[in-house]
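The numbers here are math on the coordinates, done by the rules we state, and not lab data. No experiment lies behind these values; they were computed from the predicted model shown. Methodologically, a virtual Cβ is constructed for each residue, glycine included, from the backbone with ideal geometry; neighbour enumeration extends over all protein chains shown.
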Amino acid sequence: MAIIITTLLFLGMHTQYFKKPIMLINITIPSVIFGWIYFDTNNILVPFLVHFLMNIGMTLLFKYNLISVKR
């Protein structure tokens, strides 16, 4: 239950994506995974590190045009 509540709070911090349902899915799944990682490791730094690494990875993928967003 705590992971679901935390996921909802995490979604609340990403309100800019509420108009894009696919982005909500792309935020919900990692959030649940971050919660599971915390539950499994009992260390809040581990999901922080995973989130940081995901953001760096996505930034590099967009920067070097390995992926793009169609508009």
### Near-label residues of region 30-47 by backbone N, under 18 Å of a point 7 Å along Cα→Cβ of L61
30-34
### Task
Could you run the Karplus curve 6.51 cos²θ - 1.76 cosθ + 1.60 with θ = phi - 60° over region 42-51 and give me ³J(HN,Hα) per residue in whole Hz, x for Gly and Pro?
6, 9, 5, 5, 5, x, 4, 5, 4, 4
### Message
I need the semi-axes of the equivalent ellipsoid of the chain: take the C-alpha gyration tensor, multiply each eigenvalue by 5, square-root it, list largest first in whole angstrom.
### Response
23, 17, 8
## Note on the structure
Simple spin-label estimate for T28/F48, 7 Å along Cα→Cβ, in nm, reads 2.8
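Give me the number: length gained by fully extending Q16 to I4, i.e. 0.36 nm times residue separation minus the C-alpha to C-alpha distance, one decimal in nm.
Extra length available between Q16 and I4 comes to 2.3 nm.
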### Query
Within the chain, what's the longest stretch lacking chymotrypsin sites (Phe, Trp or Tyr not before Pro) that sit in DSSP loops with no more than 12 other Cβ atoms inside 10 Å?
19-63
